[in-house]
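A.B. asks: I'd like to ask you about the structure that follows.
Readers should treat all values here as calculations from the given coordinates under stated rules, not as data from a laboratory. Model, not experiment: these values are computed from the prediction. All Cβ positions, even for glycine, are placed from backbone atoms using ideal geometry, and neighbour counts span all protein chains on display.
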Amino acid sequence: MRNRVWAGPGFEILRFARQNRGLICWLLPSRGFPLNEHTLSRRLERVAAHVPVGARLADIGSDHAYLPVALMRRGVIASAVAGEVALTPYNAALRSVRENGLEGSIVVRHASGLRAIEADDGITAITLCGMGGETIRDILQADSDRLSGRELLVLQPNGGGQPMRRWLMEHGYRIVAEEVLRENRFDYEIVVAERSGPVRYTEVELYFGPLLMHERSPAFMDKWDRLSRLKRKTLEGLKRANHGVADEKASELTRQINWIAQLQR
Ligand SMILES: C[S@@+](CC[C@H](N)C(=O)[O-])C[C@H]1O[C@@H](n2cnc3c(N)ncnc32)[C@H](O)[C@@H]1O
């Protein structure tokens with residue numbers, strides 16, 4: 001019985017994987033293989049794809065500096081600042097840069113948010129990834145005087161896209177690209193924006209993403225199908241709990257469920 005299992009198609013897959021470890025690693029970078037400055041997660045690969053060639057990049061909340069190191073190794077960017085507020089990831093970023101011999105082109109700064117950026121850096125693109133949308137908004141707001149307005153913002157919020165987009169709109173940033181991707185059972189959004197002058201988005205566009213809701217990609221529609229089911233379940237729970245605080249939450253949830261239902265029509 002055991003032999004039959006090993007002789008079946010599963011064995012072929014296993015043998016292929018063993019013989020082509022490098023190829024599998026490239027195809028499936030985030031499953032079972034370590035991520036590093038050579039092998040980015042699919043999420044960071046998609047972020048990388050939005051960074052313009054020749055950019056002077058500031059990666060804020062850089063952790064191991066995987067993104068700027070990978071982009072520099074590939075010759076995509078001209079220089080980078082890797083900003084990190086926490087000591088352990090800051091040290092990890094220093095180590096990645098040193099191990100790749102990139103001290104001449106990537107500066108690692110221990111600083112909160114945009115304070116990592118100095119006027120002389122001539123930054124042309126900023127990445128803020130893997131944080132809540134509210135945190136990204138707060139980082140942009142806290143030191144907005146460090147923004148020249150010429151930088152492309154490449155943002156990857158983990159939730160909280162609506163407040164983040166509201167900040168962009170209120171500060172004259174137009175959303176020029178958006179995407180949704182799914183990796184390891186999480187849905188991720190990427191929002192790319194540039195300062196353009198006054199711009200107006202509706203509440204629904206801020207919630208779903210103005211470009212995403214018009215494009216309606218399969219990944220985007222699947223994400224909202226899943227969220228709709230989740231929100232309906234939460235609403236049922238709140239209705240059963242039936243008290244004052246829950247009422248407010250319930251009416252907000254009902255509003256969102258109705259928006260999603262309109263999207264699904
Ligand atoms: C989940 S990690 C994401 C790392 C990387 N950007 C990515 O997307 O894979 C978030 C990082 O942001 C850092 N961070 C959070 N708030 C920050 C701030 N105000 N300034 C700089 N870094 C910050 C955290 O210390 C942490 O290393």
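A.B. asks: How many angstrom lie between the Cα centre of the range 66-119 and the Cα centre of the range 199-224?
C.D. replies: 32 Å
A.B. asks: Arranged from highest to lowest average of other beta-carbon atoms within 10 Å per residue, in what order do the peptides 102-113, 78-89 appear?
C.D. replies: Top of the packing list down: 78-89, 102-113.
A.B. asks: How big is the equivalent ellipsoid of the range 29-152 along its three axes, where each semi-axis is √(5λ) from the Cα gyration tensor, reported in whole Å from largest to smallest?
C.D. replies: 21, 16, 15
A.B. asks: Roughly how large, in nm² to one decimal, is the mean projection of the convex hull of the alpha-carbon atoms in the chain?
C.D. replies: With every direction weighted equally, the projected area is 19.3 nm².
A.B. asks: If you count, for each residue, the other Cβ atoms within 10 Å and average over each peptide, how do 90-101, 127-138 line up from highest to lowest?
C.D. replies: Packing order, densest peptide first, comes out as 127-138, 90-101.
A.B. asks: Moving on. Taking H as built 1.01 Å from N, whose amide H comes closer than 5 Å to the amide H of Glu183, not counting residues under 5 places away?
C.D. replies: Tyr188
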